[in-house]
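The values are calculated or read from the model by the stated rules, or taken from the named source; none is laboratory data. Values in this document were obtained by computation on a predicted structure and should not be read as measured data. Note that we place each Cβ from the backbone using ideal geometry, even for glycine, and neighbour counts take in every protein chain shown.
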């Protein structure tokens, strides 16, 4: 990742907003916007944002599943399929 090329001051964003949008949509890399030398915002294209949200959601589900396994809150494969079959009959 070329992070140094993707860090721009807020004045760059103000003067080249269309260029910034074109860049992030073409490269799918986020751009970090700074103000007074400090990172203040991250701009990214909608598809990358959606992909990131989906990845985080999957990680949360895995975390919940791992916690269930640690706590012994599990069912056998046979029981799960039986429950699904019962639900489908309704």
Query raised in the report: Which residue pairs have Cβ atoms closer than 6 Å, lie 6 or more positions apart in sequence or on different chains, and pair a first residue in the stretch 4-21 that is in the same structural domain as residue 32 (by TED's automatic domain parsing) with a second residue that is surrounded by fewer than 13 Cβ atoms within 10 Å (Cβ to Cβ) and modelled with pLDDT of 95 or more?
Result: 10/35
**Report entry** Test set (1) touching a helix residue (DSSP H, G or I) at 6+ places or on another chain (Cβ under 7 Å); (2) not in a helix (DSSP H, G or I) - residue 39 fails condition number
**Finding:** (1)
